[in-house]
Amino acid sequence: MLIFLDTANIDQIRQAANLGIISGVTTNPTLMSREKAADYEATIKEICSIIPGPISAEVLVEEAQAMIEQARDISTWAPNIVVKIPATSAGLEATSVLARDNIKVNFTLCFSLNQALLAARAGAAYVSPFVGRLDDAGHDGMQVVKDIVDVFNHYQLPTQVIAASIRHPQHCVVAAKAGAHIATIPYDVLMKMMHHPLTDIGVARFSADWQRIKEQT
Ligand code: G3P
């Protein structure tokens, strides 16, 4: 499972890039507004220059033709751009047109196997089931991820599944076990994935033991 970072925060992206394990970044209008990134194009271009993998930038309009035009423009910002299109009927229509133009689409705000299947048939490069928001609504978000992965594998559909709306490290564990191709993870969750109290205790003990032997010799 590849790790994408789910943020528009440039400092977080730079710090995570140093870890050497980030394969892409996903943004959305909420994440952009959180950073007060008023210059949408400049911010996305900067992210694209930091991380060489796929960078998702979302359209900011809702009608099919407007989405197509905006997506075509966004796709020229950098070679590694992926355009996020919402899982609406208009979004499906736009995805079909854009996929025929070889523009990579991340079909976002996906909450069901049916939406994911339609995205795959339309030629979306990625589909993003929102696990945390499904859990919030009383559903089993990870079961939706697993169902999508199973059906895509069964029919050998090339669309990649991005487990999105990840809220805690256990989501990452279950996404990996479910066979998600990618998990897009907020920075704080990424840090928690690495942390284990027994590692901290072990490092402190090794260090203390080594210090003691050094003092005795
Ligand atoms: O990747 C989608 C994500 O940004 C949405 O997360 O926590 O707002 O549901 P959340």
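For the subset of the stretch 16-43 comprising residues that are in contact with a Phe, Trp or Tyr (Cβ under 8 Å, 6 or more places away or on another chain) and not in a helix (DSSP H, G or I), which member is nearest to Asn106 (Cα to Cα)? Explain how you work it out, then say what you get.
Residues of the stretch 16-43 that are in contact with a Phe, Trp or Tyr (Cβ under 8 Å, 6 or more places away or on another chain), as a first pass: 16, 22-26, 32, 41.
Applying the additional criterion that residues be not in a helix (DSSP H, G or I) yields 22-26.
On the way: Ile22: 18, Ser23: 15, Gly24: 12, Val25: 12, Thr26: 9 Å.
Step by step, filter the stretch 16-43, then rank; the result is Thr26.
Which pairs have Cβ atoms under 9 Å, sit 6 or more apart or on different chains, and link a residue in the stretch 128-141 that is within 7 Å of Ala164 (Cβ to Cβ) to one that is among the aromatic types (Phe, Trp, Tyr) and surrounded by fewer than 20 Cβ atoms within 10 Å (Cβ to Cβ)?
Taking only residues 6 or more apart or on different chains, the pairs are Pro129/Phe111; Phe130/Phe111.
One residue is enough: does the stretch 86-104 have a residue meeting the conditions open to solvent by less than 20 Å² (accessible area, probe 1.4 Å) and under 14 Å from the mean Cα position of the chain (by Cα)?
no
Do you know which residues across the stretch 10-27 are open to solvent by less than 10 Å² (accessible area, probe 1.4 Å), of a type outside the set (Val, Ile, Thr) and under 12 Å from Pro186 (Cβ atoms)?
Within the stretch 10-27, Ala16 is the sole residue that qualifies.
What is the residue count in the stretch 146-162 for residues that are away from the ligand (no atom under 16 Å from the Cβ) and hydrophobic (A, V, I, L, M, F, W, C)?
Of the residues in the stretch 146-162, 4 are away from the ligand (no atom under 16 Å from the Cβ) and hydrophobic (A, V, I, L, M, F, W, C).
Mind checking which residues of the stretch 124-140 are open to solvent by 40 Å² or more (accessible area, probe 1.4 Å) and either aliphatic (A, V, I, L, M) or more than 10 Å from the ligand (Cβ to nearest atom) (or both)?
Selection gives Ala137, Gly138, His139, Asp140.
Residues of the stretch 105-115 being over 16 Å from Asp73 (Cα atoms), within 16 Å of the ligand (Cβ to nearest atom) and either open to solvent by 60 Å² or more (accessible area, probe 1.4 Å) or part of a strand (DSSP E or B) (or both), which ones?
Phe107, Thr108, Leu109, Cys110, Phe111
Here are some residues: Glu46, Glu69, Glu62. Which one is open to solvent by 20 Å² or more (accessible area, probe 1.4 Å), among the acidic types (Asp, Glu) and in a loop (DSSP other than H, G, I, E, B)? So that I can check it myself, show each step before the final result.
Values: Glu46 fails: in a loop (DSSP other than H, G, I, E, B); Glu69 fails: in a loop (DSSP other than H, G, I, E, B).
From the options Glu46, Glu69, Glu62, the qualifying one is Glu62.
Collect the residues in the stretch 73-106 that are basic (Lys, Arg) and within 16 Å of Pro54 (Cβ to Cβ), keeping them in residue-number order.
Lys84, Lys104
State all residues of the stretch 163-200 that are within 15 Å of the ligand (Cβ to nearest atom) and hydrophobic (A, V, I, L, M, F, W, C); if no residue qualifies, say none.
Ala163, Ala164, Ile166, Cys172, Ala175, Ala180, Ile182, Ala183, Ile185, Val189, Leu190, listed by residue number.
Do you know which of the residues in the stretch 148-184 that are polar (S, T, N, Q) and under 16 Å from Val105 (Cβ atoms) is surrounded by the most Cβ atoms within 10 Å (Cβ to Cβ)?
Thr184
The values are calculated or read from the model by the stated rules, or taken from the named source; none is laboratory data. Fair warning: this is a prediction, and the values are worked out from it, not measured in the lab. With ideal geometry, Cβ positions are generated from the backbone for all residues, glycine too; neighbour counts draw on all protein chains shown. When the accessible area is computed, the model is the full protein with side chains, heavy atoms only, and any ligands, DNA or RNA have been set aside. Shrake-Rupley method; radii C 1.70, N 1.55, O 1.52, S 1.80 Å.
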